[in-house]
Protein chains: 2
Amino acid sequence: MSVLKGMRVVEGSAFVAVPLAGMTLAQMGAEVIRFDRIGGGLDAGRWPLAPTKQSLFWAGMNKGKKSIAVDMKSDEGRELISEIITARGDDAGLFLTNLRVRGWMDYETLSKRREDLIMVTLMGDRHGRPQVDYTVNPALGIPHITGPEGSEDPVANALPAWDLVAGHMCVSALLAAERHRLRGGGGQEVELALKDVAAATLGHLGMIGDATLNGGDRGKAGNALYGAYGQDFVCADGRRVMVIGLTDRQWRGLVKATGTGDAMAALERSLGADLSDEGQRWQHRDLITGVLKPWFAARKVSDFAAMFNDRGLTWSEFRTVREAMAQDPDLSTDNPMFSKVMSPGVGSYLTPAHPALFSASGRLPAVPAPVLGANTEEILSDVVGLTDAQIGGLLDRRVVDVPDGWGSVAA
Amino acid sequence: MSVLKGMRVVEGSAFVAVPLAGMTLAQMGAEVIRFDRIGGGLDAGRWPLAPTKQSLFWAGMNKGKKSIAVDMKSDEGRELISEIITARGDDAGLFLTNLRVRGWMDYETLSKRREDLIMVTLMGDRHGRPQVDYTVNPALGIPHITGPEGSEDPVANALPAWDLVAGHMCVSALLAAERHRLRGGGGQEVELALKDVAAATLGHLGMIGDATLNGGDRGKAGNALYGAYGQDFVCADGRRVMVIGLTDRQWRGLVKATGTGDAMAALERSLGADLSDEGQRWQHRDLITGVLKPWFAARKVSDFAAMFNDRGLTWSEFRTVREAMAQDPDLSTDNPMFSKVMSPGVGSYLTPAHPALFSASGRLPAVPAPVLGANTEEILSDVVGLTDAQIGGLLDRRVVDVPDGWGSVAA
């Protein structure tokens, strides 16, 4: 029995955060119904695309969900969606969205149909204005601390980090609210904003306190680990590695493995510094790097990789995604999190399940995303309780849709 | 009543992910007890530091928790921690950790004391080897897609994005497992690895499918939004803005606001392209940017900011953290998520509560982090059930500690 078995969540979403939230719940065993307009919502064709021109992004973000395609401009379609969101069941009445449709799809209206509804809404900012990862990040200062030391040019994240964080916060907010309901607390509306998620995180990391109490802005530090020691080095074979001396144990291990103990001791004496203090390692990182650089420049990665591993150093090579897939067993079916999955219309490739292994329930294997509308008939029958004739009528009137080649429209 | 009121979680942690997980639960109302060794664990002095030399990182990551300091090398200390982790209570028996101590603190041993224990363990990689955000990120290819187009140099994230994601996944994994227990499923061990969290996320975003099916590695694209249109521009006042044309509506709004409709139409004709297709905007982004660049270069931000807002464009300025704090009301006490909090030994500054607003319970205000060991006596009394005399004995034998100037050791 998977950990969230029995829970039903309805998702009305686009882009990264909320689709990721629904998918994460599905990968823990919840039944997740994603509704979209006929032809697909704003992210139906998002890059990257497969050679078939189908969206790899859709395939990645909707694994294990059920999909229903509905004409949301029609009253009948809106009624169906409202019915699906508020359908009965103790483990249902859970709605995740970032669509922010006023009127028929807001909490006030929907909670009249089901009083104990839990609705989690992700907004752009707290005012309800649209914001995306690419605007929140520069607005709050991250690009100014990213990239080479001395450069003035801000560098944006290639990874939509705030979307990822916000999506996972939607998951935990929904689970927390459902726990509260289960204990008799009733339903509720939960609202959070992408920009607030980012702003709060800066606070958690100490960056707001730093800017307030220390004055000045934290500068760029290239690829150095902030606050202790960690640095990238180019080796004799042209490959690049990252080595970490964050904890005392890691630092001592690095110094010993590279045989730089005497040089570091000399450095400490000349600076009057104590490099066993992580903050002093950070302050003197350029000099430390100067000591270590010739060691790495004189060696190929293969000269020291096994020795570093044997000594338990914390380090890694820099790799592209393709290199990682070719070289790293963690990015292969050796890793039980991954399996090769055929995604309809897209292709077959390495696909992740949920990263957590739950000992009581095991890991649900990765399953593909549905084609848009693939579960339209099943949902109308099982959740809304319509007859085949009623479903046929909805399909004929194009209130709902199924994939080409399926169901009565295409028949 | 806060949303997680009544839940008790014990945390044995260091660094970003697991402390963030415990803090997120505390900010939703759970009682979170963090234990550390006397004098503090690996992150007690983590940068950034306040002018007092106390850690702003500790203050940020431990808000609202209770702290107990214990000599974990002594049998008595280990017994106390085991007792705290497995103490009775339907809403207790929840343990979050990344310390990975074998023997007395592993699931097998602890679950003998409390059969329905839920223990969530974050590892570095799935083999149990140490990994940090700074090694996982380069190992999986993100620095190779970050930074200026054409550059060969990998650029690391300044933001510990994988730690943040993994921390929030620890929260949802714990809540999911507790839900399962509440429904009679019993306790369990939940294990996940930082590297797996990152590898799975690459899969969710479509990057593994892209590398597999399309061949080639995705290149760097500077500050451009991947897959559609979004770009940074330097304005006449030297300030930099990010503008987004991800959705059709955003794209049309941007073209209209900048009066570049004719130029874009001419571009479409000469290319035989359809810029209403987001993927074609991505493919032709350099030419689009060429059209828009003079418009921004000729204007100060103040010339168009109000107009952009009135039109509902999705855009932002690039700011440092200090600039954002000076200019953006979302990073001030105007935002109900923030309040000015005095953190003992650190200072007073803007401090975030949980980003989500739960309508049934309201938002718990931000509260400071405890000084290390501040709740030692309270926890020994309330959770372990010791008498004052027993606690005094433990303090005298230095099995536990309280902050300087507190309790019987300092007396």
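Derivation of every value follows stated rules applied to the coordinates shown; laboratory data play no part. Quick caveat: nothing in here was measured; it's all calculated off a predicted structure. In this analysis, Cβ positions are derived from the backbone assuming ideal geometry, glycine residues included, and neighbour counts consider all displayed protein chains.
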- In degrees, nearest 10, range 0 to 90: what is the angle between the Cα axis of helix A:161-180 and the longest Cα principal axis of chain A? 60
- Task: With both partners inside chain B, how many of the DSSP beta bridges are antiparallel, as a percent to the nearest 5?
- Result: 45
- Mind listing the phi-derived Karplus ³J(HN,Hα) values for the range A:292-305, rounded to whole Hz, using 6.51, -1.76 and 1.60 with θ = phi - 60°, and x for any glycine or proline? 7, 4, x, 4, 6, 4, 8, 10, 7, 4, 5, 6, 10, 4
- Note on the structure: Taking the dipole of the range A:1-124 about the Cα centre (Lys, Arg +1; Asp, Glu -1; charges at Cβ), the one of A:17, A:60, A:98 that reaches farthest to the positive side is A:60
- Message: Under a Cβ-only charge scheme (Lys and Arg +1, Asp and Glu -1), can you give me the dipole magnitude of the protein assembly as shown about the Cα centre, in debye to the nearest 20?
- Response: 320
- Task: Would you mind computing, in nm to one decimal, how far apart the modelled labels at residue B:397 and residue B:183 are, each placed 7 Å from Cα along Cα→Cβ?
- Result: 4.5
- Message: As a test of the formula, what do you get for the protein assembly as shown when each DSSP H run with n ≥ 4 contributes -39,500 (n - 2.57) and the sum is divided by the residue count, at 222 nm and rounded to the nearest 500 deg cm²/dmol?
- Response: -11000 deg cm²/dmol
- Principal axes first, then extents: for the Cα atoms of the range A:43-175, list largest minus smallest coordinate on each axis, whole Å, largest first. 59, 39, 27
- Query: What nm distance separates the two modelled labels at residue A:214 and residue A:381, each placed 7 Å from Cα along Cα→Cβ?
  - Reply: 6.2
- Query: Nearest-5 percent of antiparallel DSSP beta bridges in the range A:33-151?
  - Reply: 10
- For the range B:240-317, alpha-carbon Rg and Dmax in angstrom: 12.1, 36
- Task: For the range A:260-271, just list the computed ³J(HN,Hα) in residue order, Karplus coefficients 6.51, -1.76 and 1.60, θ = phi - 60°, integers in Hz, with x standing in for Gly and Pro.
- Result: 9, x, 5, 5, 5, 5, 5, 4, 4, 5, 5, 8
- Message: At 7 angstrom along the Cα-to-beta-carbon line, where would the label on residue A:344 sit relative to the other copies? Give the distances in nm, shortest first.
- Response: 6.1
- Global size of the protein assembly as shown as Cα Rg and Dmax, reported in angstrom: 26.5, 87
- Based on Cα positions only, what radius of gyration and what Dmax would you give for chain B, in angstroms? 25.9, 87
- Between residue A:332 and residue B:404, what is the spin-label point distance in nm, taking each point 7 Å from the Cα along the Cα→C-beta axis? 5.4
- Across peptide A:125-137, how many C-beta atoms of other chains are within 10 Å of each residue C-beta, on average? 6
- Query: When Cβ neighbours within 10 Å are restricted to other protein chains, what is their mean count per residue of peptide B:382-391?
  - Reply: 0
- Residue mean of other protein chain beta carbons inside 10 Å, A:48-58: 5
- Which is farthest toward the positive dipole end of chain A among A:362, A:38, A:197, measuring Cα position about the Cα centre, with Cβ charges +1 (Lys, Arg) and -1 (Asp, Glu)? A:362
- Message: Normalised by the empirical 2.2 N^0.38 Å for globular proteins, what value does the Cα Rg of the range A:102-237 take?
- Response: 1.40
- Using a label position 7 Å from Cα in the Cα→Cβ direction, what is the ascending list of nm distances from residue A:287 to the same site in the other copies? 5.6
- Using the alpha-carbon centroid of each, what span in Å lies between the range B:121-144 and the range B:16-58? 22
- Message: Going 7 Å from Cα along the Cα-Cβ axis for the label, what nanometre distances separate residue B:363 from the same residue across the other copies?
- Response: 3.8
- Give, as a single signed number, the net charge of other residues whose beta carbon lies under 13 Å from the beta carbon of residue B:131, with Lys and Arg counted +1 and Asp and Glu -1. -3
- Report, for the protein assembly as shown, the % of DSSP beta bridges that are antiparallel, rounded to 5. 45
- What is the sum of charges around residue B:178, taking Lys and Arg as +1, Asp and Glu as -1, for the other residues whose C-beta is under 12 Å from the C-beta of residue B:178? +2
- Query: Using alpha carbons only, how many degrees (0 to 90, rounded to 10) separate the axis of helix B:248-257 from the longest principal axis of chain B?
  - Reply: 60
- In sequence order, what are the phi-derived ³J(HN,Hα) couplings for the range A:337-347 according to the Karplus relation 6.51 cos²θ - 1.76 cosθ + 1.60 with θ = phi - 60°, rounded to whole Hz, with x for glycine and proline? 5, 9, 9, 7, 10, 8, 9, x, x, 10, x
- Return the subset of A:256/A:300; A:5/A:195; A:66/A:340; A:293/B:53; A:195/B:63 for which the Cα-Cα distance in this structure is over 25 Å, preserving the input order. A:5/A:195; A:293/B:53
- For the range B:240-317, the dipole about the Cα centre with charges only on Cβ (Lys and Arg +1, Asp and Glu -1), to the nearest 20 debye, works out at 220
